[in-house]
Amino acid sequence: MKELFNQYIQNLETYIMFRIKDEVERLTPELEAKGRSPISLAMGAPTSNPPLFVIDKLKSILDERGIHTYSVPKGELYFRKAVSERMKIKYNVDVTPDEVISLIGSKEGIANMIRALINPIPNEKEKDIILIPDPGYASYSQMVITSGGYPYSVPLTIQNRYRPDLDEVLDNLKKDGFNPKKVKALIINYPNNPLGVSVDRNYYRHVVDFCRRNKILLISDAAYIDIYFGNEERPISILEIEGAKDVAVEFFSFSKPYSMTGWRLGWVCGNKEAISMFGKLKSTIDSGLFKALQKASAELLNSIEGDRYIVEENNKFRLKRNEFVNGLKGLGWPDFHVPDSTFYVWAPIPPRFKTSQEFTSYVLQKSGIVLVPGNAFGKNGEGFFRASVVCSENDLYTCIERLRQDGIFYNV
Ligand SMILES: Cc1ncc(COP(=O)(O)O)c(C=O)c1O
């Protein structure tokens with residue numbers, strides 16, 4: 001059977017987070033036996049309950065007539081209107097309901113947008129190219145590869161302050177023997193997973209200008225736009241930048257701000273033509289979201305309860321981030337970038353470990369703490385690990401105590 005599947009699927013590895021989950025399951029009896037039951041700092045999935053408001057809404061909507069029948073692939077008008085209002089209220093951005101499409105989570109949307117862009121061609125150097133952040137969300141490269149494209153890394157490094165000069169990236173792409181005309185899109189993701197960094201308007205202006213000059217689609221993944229702690233400016237929507245709508249679409253998710261990962265809800269909005277092309281593909285592969293989910297979440301989007309929930313959760317994430325960062329420092333970790341957004345901590349591995357994978361495997365087997373190796377996010381992630389501080393404060397405290405008891409210090 002295997003040979004019947006296309007070459008990309010044959011060579012594909014299961015997504016890293018699910019591989020980690022399987023490995024943890026395999027090791028659980030052994031870890032429990034030595035008093036080190038697994039504590040997961042791996043998945044980017046908040047563990048709080050969603051706002052009570054949306055659960056109550058959903059329950060009441062379930063009895064409505066007609067709510068259980070097919071929706072439409074682009075989403076019900078009430079959902080798209082609520083998004084349009086949210087974009088106006090939060091970002092002062094004008095998108096009409098026709099420039100919005102509902103998604104079965106932003107992961108589905110980004111994967112299908114990529115699929116809609118790429119012409120699959122087997123020859124490596126002739127493939128359509130998508131520029132992806134490195135380190136970045138591990139799914140991007142898999143999405144591009146399985147669509148028959150080539151994911152070209154845009155390096156996010158301490159040296160470039162995580163704001164790469166995109167003209168330099170294009171020069172390097174040419175030097176590497178690729179045809180710049182094959183570049184179809186640039187994916188950006190600020191606040192960034194796994195780095196926890198966001199950027200200012202000036203950098204966004206450079207990004208929009210680059211995409212306009214090179215006539216490529218700008219895909220902004222704003223999954224973490226609501227998760228921030230600084231006193232400075234909130235993370236901005238790319239669509240706030242003048243001229244962005246000529247080249248950009250932006251993906252949003254209910255998963256992270258409202259702890260609704262299992263509901264699978266998101267939206268994409270922006271450039272009308274791109275949204276319409278994407279809508280055609282969506283209409284062939286899904287028939288829209290359960291209407292009750294759309295209705296309940298539409299009411300949540302612009303509610304006081306929803307806004308209050310985000311503020312409260314962010315306060316908890318900030319406290320937990322501080323607890324974990326300080327805990328690492330107490331174990332000898334040198335200063336590293338403290339994230340101003342997202343619920344991720346991105347820290348260097350102790351120097352005695354040769355690779356991120358070696359470190360995270362050691363910590364799992366010794367202490368039962370589940371971390372993600374930095375190289376899972378791209379080659380620039382080597383030498384780092386990611387911890388997601390979504391568990392309870394008590395669990396985080398236990399993690400730091402276990403590292404101490406098990407002799408896992410930065411310099412030992
Ligand atoms: C950067 C980024 N984008 C998108 C997603 C997908 O989120 P969802 O499909 O739950 O909306 C994630 C999930 O971890 C993510 O980290």
Does GLU85 satisfy the condition of being in the same structural domain as GLY270 (by TED's automatic domain parsing), among the acidic types (Asp, Glu) and closer than 17 Å to GLY266 by Cβ? yes
GLY332 - would you say it is at positive phi and out of contact with any Gly (no Cβ under 6 Å at 6 or more places or on another chain)? yes
Any idea how many residues of segment 75-90 are away from the ligand (no atom under 16 Å from the Cβ) and out of contact with any Pro (no Cβ under 7 Å at 6 or more places or on another chain)? 8
So which of VAL93, VAL72, VAL100 ends up being closer than 22 Å to LEU186 by Cα, of a type in the set (Val, Ile, Thr), away from the ligand (no atom under 16 Å from the Cβ) and touching a residue at least 60 places away in the same chain (Cβ under 8 Å)? VAL93
Among the residues of segment 226-245, how many are out of contact with any Ser or Thr (no Cβ under 7 Å at 6 or more places or on another chain) and under 21 Å from ARG80 (Cβ atoms)? 6
Please go through segment 163-209 and pick out each residue that is part of a loop (DSSP other than H, G, I, E, B), in contact (Cβ under 8 Å) with a residue 24 or more places away in the chain, surrounded by 15 or more Cβ atoms within 10 Å (Cβ to Cβ) and in contact with a strand residue (DSSP E or B) (Cβ under 9 Å, 6 or more places away or on another chain). PHE178, ASN189, TYR190, PRO191, ASN192, ASN193, PRO194, LEU195, GLY196, VAL197, SER198, VAL199
Give me the pairs, please: first residue somewhere in segment 217-237 and farther than 21 Å from ILE132 by Cβ and small (Gly, Ala, Ser), second residue anywhere and part of a strand (DSSP E or B) and within 16 Å of the ligand (Cβ to nearest atom), beta-carbon distance under 8 Å, and either six or more positions apart or on two chains. GLY230/SER341
For segment 1-50, which positions are among the hydroxyl-bearing types (Ser, Thr, Tyr) and closer than 14 Å to SER367 by Cβ? THR28, SER37, SER40
Of all residues making up segment 248-284, the number that are within 16 Å of the ligand (Cβ to nearest atom), in contact (Cβ under 8 Å) with a residue 24 or more places away in the chain and surrounded by fewer than 22 Cβ atoms within 10 Å (Cβ to Cβ): 4
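Residues checked against (1) crowded, with 19+ Cβ neighbours inside 10 Å; (2) at positive phi; (3) in a helix (DSSP H, G or I); (4) assigned by TED's automatic domain parsing to the domain that holds PRO151:
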| site | (1), (2), (3), (4) |
| --- | --- |
| ALA296 | yes, no, yes, yes |
| VAL325 | yes, no, yes, no |
| PRO350 | no, no, no, no |
| PHE359 | yes, no, yes, no |
| GLN365 | no, no, yes, no |
| VAL390 | yes, no, no, no |
| ASP395 | no, no, yes, no |
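The values are calculated or read from the model by the stated rules, or taken from the named source; none is laboratory data. Only a predicted model underlies this, so the values are computations on that prediction, with no experimental measurement involved. Backbone-built Cβ (ideal geometry, glycine too); neighbour counts: all protein chains shown.
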